[in-house]
Each structure stands twice: as structure tokens, then as C-alpha cells.
1. Once you list every other residue whose beta carbon is under 11 Å from the beta carbon of Thr93, what net charge do they have if Lys and Arg are +1 and Asp and Glu are -1?
2. So what are the ³J(HN,Hα) numbers for segment 90-106, from phi and the Karplus equation (6.51, -1.76, 1.60; θ = phi - 60°), rounded to whole Hz, Gly and Pro as x?
3. Label-point separation (nm) for Val101 and Thr41, each offset 7 Å from Cα along Cα-to-Cβ?
4. I'd like the FRET efficiency for Glu67 and Ser33, computed as 1/(1 + (r/R0)^6) with the beta carbon distance as r and R0 of 22 Å, rounded to 0.05.
5. Measure off 7 Å from each Cα along the Cα-to-Cβ vector at Ser80 and Val54, then give the distance between these two points in nanometres to one decimal.
6. Expressed in nm to one decimal, what extension gain is obtained for the pair Lys126 and Lys109 from 0.36 nm per residue of sequence separation less their Cα-Cα distance?
7. Mind checking Rg over Rh on segment 22-141, alpha carbons, Kirkwood formula for Rh?
8. Please identify every one of the chymotrypsin sites (Phe, Trp or Tyr not before Pro) in segment 22-54 that sits in a loop by DSSP and has no more than 11 other beta carbons within 10 Å of its own beta carbon.
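All of the numbers you see were taken from the coordinates with simple rules; none came from a lab. Only a predicted model underlies this, so the values are computations on that prediction, with no experimental measurement involved. Backbone-built Cβ (ideal geometry, glycine too); neighbour counts: all protein chains shown.
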Amino acid sequence: MAISYVQPLLLLLGSLFFLPALRAVNFEYCNKSGYDFGNVTHVNISPNPVGPDVGELSITVIGYAKESIHTGSIEVYAKSENITDLLRKQPCTIESGTKFVLPLSEVPKDILEGNYKYGVSLLDEKVGDSKEAKVRMCVDFDLPTSSSTLSSA
């Protein structure tokens with residue numbers, strides 16, 4: 001009896017190709033129309049779904065930059081109607097004309113009252129003579145939860 005290694009190999013390769021897409025979440029630009037800086041193609045969250053016992057998340061934002069940021073930062077926040085909590089901030093640089101991957105690990109899971117969203121903002125710390133950072137790109141998204149997580153909350 002001949003054993004075929006092709007089918008298991010194809011299954012393994014196929015699962016590796018599609019697994020990253022299973023962690024992607026729907027997002028929207030904060031300004032609802034996009035940014036001149038570039039575009040976001042994926043927002044991935046791990047674990048996905050986010051269960052009630054999860055304390056920290058890993059968030060990865062992937063996209064394409066039309067412009068450079070040499071002194072920038074990424075902020076992750078949770079926001080409700082009345083409150084915005086900054087959860088994590090880290091420095092970053094991005095070169096124009098490149099695909100960017102912004103990994104954010106150890107992001108605390110925040111629980112705000114009522115409806116809330118998570119968001120990621122890409123800030124340019126040095127824009128002309130301005131002392132304030134400029135938002136170059138921003139996306140908002142809901143945390144992916146399972147139906148069992150929703151019913152236990």
C-alpha cells in the first residue's frame with residue numbers, strides 16, 4: 001500500500017496560508033474616509049476570540065505607507081462615549097513606499113462601562129514647527145468575542 005504525503009502537505013500549507021486571516025478583525029478608519037499617509041489592510045488580534053479570562057492581547061496592524069514617519073509612535077486605546085483609556089504607547093518609524101507591520105504585544109484588556117471600541121493611532125511626533133503630534137492614521141475596531149463570552153459577561 002502506497003502512502004501519499006502530498007495530501008497532508010497540501011492541508012498543512014493551506015492551513016498556514018489561511019490561519020492569519022482567521023485572526024483579522026473588521027475595522028474602520030476613525031475619520032470614516034481614510035488618510036493620505038497610507039492605508040491599513042489588516043488588523044489582527046490574538047487570542048481570537050477574546051475570552052473573559054484574557055488579561056493581555058497582541059494586536060498587529062498591517063498596511064502600506066505613502067509617506068515616511070521618522071519620529072512616530074503608536075497608541076492603543078479603549079474608548080466609550082465618555083472615556084478614552086490609553087492602554088499602550090510605543091515608538092515607531094515607517095519609510096514611505098513600504099508595507100508596514102506594527103506589532104503591539106502585552107496590550108491590557110480594558111473593560112469600560114457600556115459600548116466601547118478599541119483603536120490604534122499612528123502619530124507623527126515631529127511635523128513642522130508644531131509641538132503636538134499629528135495623527136497620520138487611526139482605526140477603530142471591536143474585540144472579537146465568542147458567543148459564550150458574550151453570554152457570560
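1. Result for the local shell: -3.
2. Rounded to whole hertz, the list is 9, x, 7, 10, 9, 8, 5, x, 10, 7, 10, 10, 10, x, 10, 10, 6.
3. 1.2 nm
4. Values: r = 17 Å, r/R0 = 0.77.
The formula returns an efficiency of 0.85 here.
5. Result for the modelled spin labels: 2.0 nm.
6. Contour length minus the Cα-Cα distance gives 3.1 nm.
7. Here Rg/Rh amounts to 0.96.
8. Numbers: sites: Phe27, Tyr29, Tyr35, Phe37; in loops: Phe37.
In loop regions of segment 22-54 (DSSP not H, G, I, E or B), there are no sparsely surrounded chymotrypsin sites (Phe, Trp or Tyr not before Pro).
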